[in-house]
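Visitor: Have a look at the structure that comes next, please.
The values are calculated or read from the model by the stated rules, or taken from the named source; none is laboratory data. The model shown is predicted, which means the values in this text are computed figures rather than measured ones. We place every Cβ from the backbone using ideal geometry, glycine too, and count neighbours over all the protein chains shown. All accessible areas refer to the heavy atoms of the entire protein, side chains included, with ligands and DNA or RNA removed. Shrake-Rupley method; radii C 1.70, N 1.55, O 1.52, S 1.80 Å.
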Amino acid sequence: MLEEQADALTRLGTTAEGAHLRARMQSTCLHADMQAFKAANPGCVLEDFVRWYSPRDYCAEEGKLSNRMQLHGNLWQEVWQMSKPIPVRRQKRLFDDTNEAEKVLHFFESLKPAQVALHLMPVIIHAALLRISQLEESAAPAMQASIENISKRAAALTRRPTIDIQKYEETIYSINKIETSIARAQALKERFLGQSKDKRGKERELEKFVSSLLELPEVIVTGAAKSLTGTVVHRMFAKAQRQATGEEIVDDDPHPNSASSFPHPAAREYILRTVVSRPAPYSRPTPQKMYCVLLNEDFRLAGAFSQDTLFQ
């Protein structure tokens, strides 16, 4: 309804006559209020209505209307002259809810499936963010700021009068990344904390390790295979190896750290790093690197070398 009114007012143009008609169309509510005021206050004048309806346009000290209300051809004066004392219950309704409801139903019937999906997008995004907020504790601490940021962006996007498909796609992509991070965090916590045999003292070590896995590209296992984290990692490899070979999986393995639990290595990699003065002994030290991988039937060798170009 609001869009139809806006279109009708826009089509009137910018001429003086169009401006006058636009003002008359916008004065429907004012006309109804004046009629109700006259019915409730017999014998009243325009000054009484203005003093109640728009106090700023009434000069109480001088007891008269403001200058703009006294101008010739003022719309308020014209509407006041046209108004009759009619109570609200006898006036025509300004908002016909039955007619507008029928328009809404007709609008829904004429929508295509793609258009229905677009109109449902704000509701779907809200439901996704609500679900993420329920699982927010499982996310990494670094994701908390991202969740808050995308919630603000989604709130501003869903309140726009027009649908921006590209913005919705970006928002959905961001939500998908957050959901993936939360699922990854839940899987890691289940694999590490769920397999921990020591429930009393060392869970904090595993929680810290899982948090580091979610935030860093590489994590050092302190204590190697002798630590609780190393034992859990080894159990995971052993279980995967036995599943691959078809062996029976035993939870209480008497030799959890045996080397046979690991799969046979497909390759061996060696990385050599150093810093030396090249090309001359008095040159500045520069980094050097050599990489080698040994496979069953061949090997590969690669190097990355640098030298000082200033003091050669």
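Visitor: With all protein chains present, how much of the accessible area of segment 259-312 (probe radius 1.4 Å) comes from carbon and sulfur, to the nearest whole percent?
Guide: In segment 259-312, the share of accessible area belonging to carbon and sulfur is 59 percent.
Visitor: Here's another thing I want to ask about it. Show me 48-58, 273-283 ranked by packing, highest mean number of other Cβ atoms within 10 Å first. Please report the intermediate quantities before stating the final value.
Guide: Numbers: 48-58: 14.8, 273-283: 11.5.
Result, highest mean Cβ count within 10 Å first: 48-58, 273-283.
Visitor: If you don't mind, another one. Between ASN176 and ALA156, how many nm apart are label points set 7 Å from Cα along the C-beta direction?
Guide: Placing both labels 7 Å beyond Cα along the Cβ direction yields 2.3 nm.
Visitor: Which of rounded, prolate, oblate describes segment 45-195, given a ≥ b ≥ c as roots of the alpha-carbon gyration tensor eigenvalues and a/c under 1.5 marking rounded, otherwise prolate only if a/b is larger than b/c?
Guide: On the way: a/c = 4.05, a/b = 2.44, b/c = 1.66.
Prolate is the answer for segment 45-195, as a/c is 1.5 or above and a/b outweighs b/c.
Visitor: Hey, got a sec? Which trypsin sites (Lys or Arg not before Pro) in segment 157-187 land in a DSSP loop and have at most 12 other Cβ atoms within 10 Å? Show your work: numbers first, answer last.
Guide: Details: sites: ARG159, LYS167, LYS177, ARG184; in loops: ARG159.
Hits after loop and neighbour filter: ARG159.
Visitor: When a/c reaches 1.5 or more, the comparison of a/b and b/c decides; with that in mind, is segment 91-137 rounded, prolate or oblate per its Cα gyration tensor? The partial results should precede the final answer.
Guide: Working: a/c = 6.67, a/b = 2.03, b/c = 3.29.
Oblate is the answer for segment 91-137, as a/c is 1.5 or above yet b/c matches or exceeds a/b.
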